[in-house]
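Remarks on the structure that follows.
Read the figures in this text as sums done on the coordinates, not as results from a lab. Every value quoted in this text rests on a predicted model; they were computed, and no experiment measured them. Counting neighbours? That spans all protein chains shown, and the Cβs are built from the backbone with ideal geometry, glycine included.
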Amino acid sequence: MTGIFWVNPLIAFCTGILLSFLLRKLTARIQSRRGPLISIPPAWRDINRTKVFQPLYDILKLFSKDTFIPERSSPLFIVGPIMALVCVALATLFVPIAGISFDYSFGLVVLVYLLMGEILCVIVGGITSGSLFAVIGGVREIELMLTNEIPFILGTFALAISYDSLSIRDMMGFNLLLNPFAAVVVFLSILVKLHIKPFDISDAESEIVSGLTTEYSGKLLGLLEVTKLMLTFVLVALFADLFLWVPSSGFMAWVVFFAGVGVTTTMIAVVHSLFGRFRIDQATRWLLKVPLALSVIAVVWAAAGRYVL
Amino acid sequence: MSEKKPSLEVTEIPADKISAEVSSLLNRGARMLYASGVDMGVPGIRIDYYFTFDAEIPGRNLALRTFVNRKKPVIESVTPITTQADWAEREMIEFLGVEVKNHPDPRHLWLPLNWEDMHTSTRQQQDPRSERIDTGPTAHPPHDNIFTKQLSVVPYGPYHPALIESNYLKMSVEDEIVRDADLKLGFNHRSIIKLMERRDYYKDLFLAERICGFCNVHHSLTFAQAVEEIGGIAISKKARYVRTLLGEMERMKSHILAIGLMGDLAGFRTMLMHAIRIREDILDSLEVMSGQRISHGIITLGGIRNDVTPVHTDVILSKLQDLKKSVPEYFDQCLANDVFTGRLRTIGVLTPDAARESGAVGPIARGSGLNLDIRKNLPYAAYEDVDWDVVTENGGDCFARMQVRMREVLMSLHICEQCCDVIRSSPSEPVPLVHELPCGEGFSRTEPPRGELLYHVASNGTNTPDFVRLRVPTFPNVRIMLNLIKGSTIGDVPVIIGSIDPCFSCTDRVTTVSPQKTVAPGSGGS
């Protein structure tokens, strides 16, 4: 099944739309915002109905609009989102989707670099727009990235120690029980990377209008939205692959994979709606305290399991 | 009622003795409420400085009155003595053209910053008949010193997600720390005070209600109380209790939304949504009483417009029972969220001394430990007869201010229940019709959710008021907000704004006196 890994970006985009819908729907239900049900009697169809593809419609709307480019921006303003999309599309190739992935023995390392590259491209594109809010957002994003990448790398590499491999396909298994610390650390890092609620500091709406994306509009904003969707999918799929037991091929692989992705997204949605926002100094302090300590424990746990026991 | 001594004691003194008199009053523990001018025609521009004594219960309202020449209105500033007069004097400069000498910061607050330039521009207008605004660069840069600093300036507004109402907050920022902040108001000018002078008293009640969407009951109530004082109109017992009930319902409605908005500004959107869900019960009760959810139009001169029957009170009592369960549950859930409360603690600390000196009112003063509540200091409606207590907190930070609001909601629930019980058993009485009012002045203060509201109405014997002056609670509080913002980080600014709970539309709409028009000579009400 490794020959058709080039379908991964398409699967990522389509599933990303569904995941985005799931996030929106769950958040709305927890916030007691009542909308129409997913299935309603045919007689009520004209009133309103849930639009499962609403995230797709939003993106299509953005692509149909004019793009404004600030006078003071540099060409990197346009290059940034495109590069970010390329990075995240490449990253999908390395994440096994029910076993389909680009099999490469250093897959994890490449994935870590691609995910970092995506964030850096968005930052570069944002801060070259010349907007003050984007600059503040960029500074916050870099601070978050610096504190978040260490637990993320340590958490994933703890599994690499356990399985003695850097290929994600080799690491798949029920690691949630084998190394629960790594699972927690990677989940927390995913929250930070996706700007889920306690950590949505770099695009805090009420403080700095929308952070790095303040000056983006139209098609470039659409590109950033697509990037966000695919990034959501990549990280959620990575978590499902690494920690929930996904078989490497067969029909059950698809079932378990999508079930795992759904469960992970549900957890993210619950966290998203149950927390306020950290201040940047609170967030960095907390990230340097809890996830860092947990990631060190995860590495020690994995090393002990590998070499001592 | 008529033999009662007037609620505003007026002392008329010459203009050059104002500073000495103000400082002696302040030394005796007075608080300056407001200063406002009225163009009286022949006698000159009349300037009133309103004072009160917070330590006295029931309180006393004093006014120092002086007249300055209309041709060349000059008055000595009292802002160096007390900062409580700062914005009031800036308002006088803008709207009456009074020259306030030695004012430390005589910049435009409401008018555009390049207002002088608009009129004295040396540029030739190409087409004098055209009404197009010349959008070219102005001859002189705006007289605004915040731009000259070597710091980044972060604009908040006029349209910004943190401030739903339009205003313009400029912050000079150095490494996420706010060094200086300045506020520009005046995006919502409505000339409501001027409009009041040409409508009759019954219509003014509705106009007063439109000043603020949140405190509309209190605006019409305060106006009605001021007019009732002029006419010596007595109010029935039931009407007093219904007014109390309306006021407390409004307080709950406003406070619950303010708490929810505070969550939203700290990134906790779920809290706002649940606040709106809980608020529905209150809005339903208000709709049962008045037929409207937001602007009620139920308060009239001498009482209430439509009767509140036992059937209504039964519905309201059942809603209050639901609220008694849901509101504490909601508050507990909010306070249990450490991420949220961590954003509020030790942020925007206002010490009791600073609060007293700067003239804080409402939950901001009570959050700093000041025992300041007009419902207790100068009881109106039925607040003397119901069992309740002033809520204070000692923290002085955003968290204390939020807790004051939370505890006040619970206190309001208690007051509402008592009011409902009394209204059930009280007979309805006809409302007296006000045909004409004697000449005179009425002064009234109430406690809306955001603080202290002040109305000064003068009658000249006709069917329209001679003048109306009002000061909304946001007026002193927003000035304090700017001081709290200075020195905080950018991330804390929305939280501080939310904890003050400002109502900029309120503040904007009241500050409208047209300097060109004069009151017709001979109609002086004093």
- Item | Relative contact order, percent, the range B:1-110 [alpha-carbon distance under 8 Å, six or more residues apart] | 26
- chain A: relative contact order from alpha carbon pairs under 8 Å, six or more residues apart, as a whole percent, is 28
- Task: Tell me which residues come under 5 Å, amide H to amide H, from B:Gly442 once H is placed; ignore anything under 5 positions away on its chain.
- Result: B:Val457, B:Ala458, B:Ser459
- Note on the structure: Stokes-Einstein D for the range A:96-146 (20 °C, 1.002 mPa s, Kirkwood Rh from Cα pairs), in µm²/s, comes to 169
- Convert each backbone phi in the range B:384-397 into a coupling constant with the Karplus relation 6.51 cos²θ - 1.76 cosθ + 1.60 (shift: θ = phi - 60°), then list the ³J(HN,Hα) values in order as whole Hz, x for Gly and Pro. 6, 9, 9, 8, 6, 9, 6, 9, 10, 10, 9, x, x, 9
- If we count every other residue with Cβ under 13 angstrom of A:Ser101's Cβ, Lys/Arg +1 and Asp/Glu -1, where does the sum land? -2
- Message: Need one number: the % of Cα-Cα pairs in chain B sitting beyond the 35 Å mark.
- Response: 35
- Starting from the amide H of B:Met40, placed 1.01 Å from N in the peptide plane, find each other amide H under 5 Å away whose residue is 5 or more places distant or on another chain. B:Ile45, B:Arg46
- Tell me, what is a quarter of the convex hull surface for the C-alpha atoms of chain A, in nm² with one decimal? 17.2
- Task: Determine the shielding of peptide B:341-354 by partner chains: average, over its residues, the number of Cβ atoms on other chains within 10 angstrom of each Cβ.
- Result: 1
- Note on the structure: Here the range B:335-341 yields Karplus 3J(HN,Hα) values (6.51, -1.76, 1.60; θ = phi - 60°; whole Hz; Gly and Pro given as x) of 6, 6, 8, 5, 4, 6, 5
- Chain lengthening between A:Phe174 and A:Phe251 when straightened (0.36 nm per residue, less Cα-Cα): 25.9 nm
- Message: Give the average, rounded to an integer, of partner chain Cβ atoms located within 10 angstrom of each Cβ in A:200-207.
- Response: 6
- So what is the orientation-averaged projected area of the range A:124-186, using the convex hull of its C-alpha atoms, in nm²? 5.4
- Query: Which three lengths, in whole Å and largest first, does the range B:352-396 cover when its Cα atoms are put on their principal axes?
  - Reply: 33, 17, 11
- Query: Which ³J(HN,Hα) values in Hz, rounded to whole numbers, follow from the phi angles of the range B:365-382 under the Karplus curve 6.51 cos²θ - 1.76 cosθ + 1.60, where θ = phi - 60° and Gly and Pro get x?
  - Reply: 5, 5, x, 9, x, 7, 8, 10, 8, 5, 4, 9, 5, 9, x, 10, 6, 10
- Query: For the protein assembly as shown, max minus min Cα coordinate along each principal axis, in Å, sorted largest first?
  - Reply: 96, 71, 55
- Note on the structure: Projected convex hull area of the range B:252-308, Cα atoms, direction-averaged, in nm², equals 4.3
- Message: Beyond a 25 Å Cα-Cα separation, which of these cross-linked pairs lie in this structure: A:Lys65/A:Lys228; B:Lys203/B:Lys238; A:Lys25/A:Lys193; A:Lys65/A:Lys193; B:Lys101/B:Lys184?
- Response: A:Lys65/A:Lys193
- Task: Name the lysines eligible as straight-distance cross-link partners of B:Lys253: C-alpha to C-alpha under 20 Å, and not fewer than 8 places from it in the same chain.
- Result: B:Lys319, B:Lys324, B:Lys325
- Query: Hey, got the Cα dimensions of the range B:1-110 along the principal axes, in Å, largest first?
  - Reply: 38, 30, 26
- Rank these for me by crowding, B:Val390, B:Val242, going from fewest to most other beta carbons within 10 Å. B:Val390, B:Val242
